[in-house]
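Notes to accompany the following structure.
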Amino acid sequence: MSQQARRNLTRLLSLVVAVLCMGLSIFAVRAGKGTQPEFQLGDFSGVSVEEKQKAFEESQSSEDLVELLKVLCYQAVVEENKAVEPLIVEYGTLLYDRARAEEVDLSTLGDDETMLELLRWIKSFGAK
């Protein structure tokens, strides 16, 4: 085989490998996006649901309610703990009730982006 033929074969094989790598990369990115929604409320790993629940039950403050809901959503979405979903519905509905009754202004409980995401999560679990 001539030197020119070897170069052409090497180029062709390099091109094929590059195209395969790009295709696999695109597939991996798309597959990774579909597996789990992105959770942007914060990292609540190691935070006890029971402690946050107790803090809210004692204070009944809307700030503690929001923190409890963030932890519950983290548990449900990131930790995939299905047992907390009824609590999200219960406490999320309580937050909605307080907002409807104008007992609390949601914009004072956190920045708009964070509160909108929290509301999207609690609504996705069925809070009304």
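The values are calculated or read from the model by the stated rules, or taken from the named source; none is laboratory data. These figures come from a predicted structure and were not determined experimentally. Backbone-built Cβ (ideal geometry, glycine too); neighbour counts: all protein chains shown. Side chains are part of the model used for accessible areas, which takes the heavy atoms of the whole protein and leaves out ligands, DNA and RNA. Shrake-Rupley method; radii C 1.70, N 1.55, O 1.52, S 1.80 Å.
Here are the numbers for this structure:
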quantity	calculated
Pick from region 1-34, criterion within 25 Å of residue 76 (Cβ to Cβ) and open to solvent by less than 80 Å² (accessible area, probe 1.4 Å), ranking: modelled with the highest pLDDT	31
Where a residue in region 28-50 is part of a loop (DSSP other than H, G, I, E, B) and its partner, wherever it lies, is among the hydrophobic types (A, V, I, L, M, F, W, C) and at pLDDT 85 or above, with Cβ under 7 Å and at least six apart	37/77; 39/77; 39/78; 41/73; 41/118; 44/71; 47/71
Verdict on residue 103 being of a type outside the set (Ser, Thr, Tyr), open to solvent by 30 Å² or more (accessible area, probe 1.4 Å), without any contact (Cβ under 8 Å) to a residue 12 or more places away in the chain and assigned to a loop (DSSP other than H, G, I, E, B)	no
Matching option when the condition is at pLDDT 90 or above and of a type outside the set (A, V, I, L, M, F, W, C), among 107, 124	124
Residue list for region 117-128, restricted to those being open to solvent by 30 Å² or more (accessible area, probe 1.4 Å) and either assigned to a helix (DSSP H, G or I) or in contact with a Phe, Trp or Tyr (Cβ under 9 Å, 6 or more places away or on another chain) (or both)	119, 120, 121, 123, 124, 128
Qualifying positions in region 91-126 - of a type in the set (Asp, Glu) and more than 21 Å from residue 57 (Cα to Cα)	111, 112, 113, 117
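Conditions (1) modelled with pLDDT of 90 or more; (2) surrounded by 14 or more Cβ atoms within 10 Å (Cβ to Cβ); (3) more than 16 Å from the chain's Cα centre (by Cα), marked per residue:
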residue	(1), (2), (3)
36	no, no, no
49	yes, yes, yes
55	yes, yes, yes
62	yes, yes, yes
69	yes, yes, no
88	yes, yes, no
112	no, no, yes
115	yes, yes, no
